[in-house]
1. Just to be sure I understand the model, the point goes 7 Å from the Cα along the line to the Cβ. What's the resulting Tyr118 to Ala130 distance in nm?
2. Please compute the net charge surrounding Glu110, taking Lys and Arg as +1 and Asp and Glu as -1 over other residues with Cβ under 13 Å from its Cβ.
3. Anyone know which of Arg178, Arg200, Arg50 comes out most mobile in the 10 Å Cα GNM of the chain?
4. Can you list residues whose amide H is under 5 Å from Gly249's amide H, if they're 5+ apart or on another chain and H is modeled 1.01 Å from N?
5. Please compute the net charge surrounding Pro186, taking Lys and Arg as +1 and Asp and Glu as -1 over other residues with Cβ under 13 Å from its Cβ.
6. Neighbour counts of other C-beta atoms within 10 Å: give me Asp14, Asp164 arranged from fewest to most.
7. Quick one: putting +1 on the C-beta of Lys and Arg, -1 on the C-beta of Asp and Glu, what dipole do you get for the chain around its Cα centre, in Debye to the nearest 20?
8. For an R0 of 25 angstrom, estimate the FRET efficiency from the Cβ-Cβ distance between Ile137 and Ser163 and round to the nearest 0.05.
Amino acid sequence: MPDYHYEVTSLPVDETLFYRRADSVQRLRFLVRYAHFAPSTYNSQPWKFRVQQNQIWVYADSSRWLKIADSDKREMYLSLGCAIENLQIAADHYSFKSEIKYFPDPLQPELVAILELYGRESDAQLTDAAMMQAIAIRRICRGHYQREPLQASHWALIESCNSDGVYLFSTRQMPQLRGKIAELTPLAYQVLYSDRAYLRERKQSFTYRQADLQGLRALLRRAVPIALSGNPGKKLGQRDQALIQNAPGLIVLGTQKDSPEMHVKAGRVFQRIGLIASSLGIGTQVHSQILEIPELRSELREYTRRQVYPTMICRIGYSKRKPKPTPRRPLEDVLI
Ligand SMILES: Cc1cc2nc3c(=O)[nH]c(=O)nc-3n(C[C@H](O)[C@H](O)[C@H](O)COP(=O)(O)O)c2cc1C
């Protein structure tokens, strides 16, 4: 199981620190802090980075893989995709041109990608400055959103994020998705919360998020899932069902193939959505439970009537409040 040594790190970082590093390897190591600020399943941060000359090697850290909740590693690869998206946005911001190769070495399955970076002639940035700023403000927003529907122009920006074999289904285009997701969610919770191994892993991962808290507050937070253990699946399922029914929008990302590479690419799309959404004051929350149960995942797949594999379900809406930043491991722990 992963260690609990987390600290609260926050962005924005002082950008002049990048330019004060004369050494190119140090400059690339600096970029890694942006990747490390990405979302990850249960905040597991399942990544490691190695800088070699003008390359950043991105590894899956399987010691942080949640074997029960994420038996096919789909969520682990989605998380890695989020980190890679941040990395490429940051590279562009600091005037690098980058090329990416996914799973470049079949003998090293943990090596998820190599980003090769070159200095660019022009300082003009390829990505919007707002995307870079959004890396610092993006958070997962739990709880209810405002009832206000999403503006059509905001929907259009979010829906434009599908790419490279990753498809986006939204309740704007397919309103019937909401009913299906709302129907399957309580079922998913009941299945998961009746599995002792899942509960053990869930409790463990809950402590990752709270590891920075000390004393009584920490104790109270950790006691919550235990106190709920009477029939937690039912209550949590009903809670999420209401969140889904009342959400201004839902998104399902689907991939052409059910492969690690496609899951990484879907993670990149999800992160792009999260960044655009944050810059517009829109909150996002992932609802993983349905997709963690193969039978329910298949049912959702049938429902979308396309030859795609559902890889992520996300709720969106104008957020009521800005959540606090979540802790990250010290940066040195993810640099090898
Ligand atoms: C693949 C993936 C699956 C996730 N699943 C859930 C989920 O089911 N429920 C939830 O509340 N958050 C979920 N999250 C959000 C993480 O808990 C969150 O990213 C992490 O705690 C870090 O917080 P931050 O994103 O606000 O920085 C998921 C994130 C990813 C990348």
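1. Using points 7 Å along Cα→Cβ, the separation is 3.1 nm.
2. Values: positive: Lys48, Arg50, Arg64, Lys73; negative: Asp61, Asp105.
Cβ neighbours under 13 Å give a net charge of +2.
3. Per the Cα network of the chain with a 10 Å cutoff, Arg200 tops the list.
4. Ile316
5. In short, +2.
6. Ordered by Cβ neighbours within 10 Å, fewest first: Asp14, Asp164.
7. 1220 debye
8. 0.60
No value in this document is a laboratory result; all are computed from the given coordinates. All of these numbers come straight from a predicted model, not from anything done at the bench. Because the Cβ atoms are built from the backbone with ideal geometry, glycine has one as well, and the counts that use them run over all protein chains shown.
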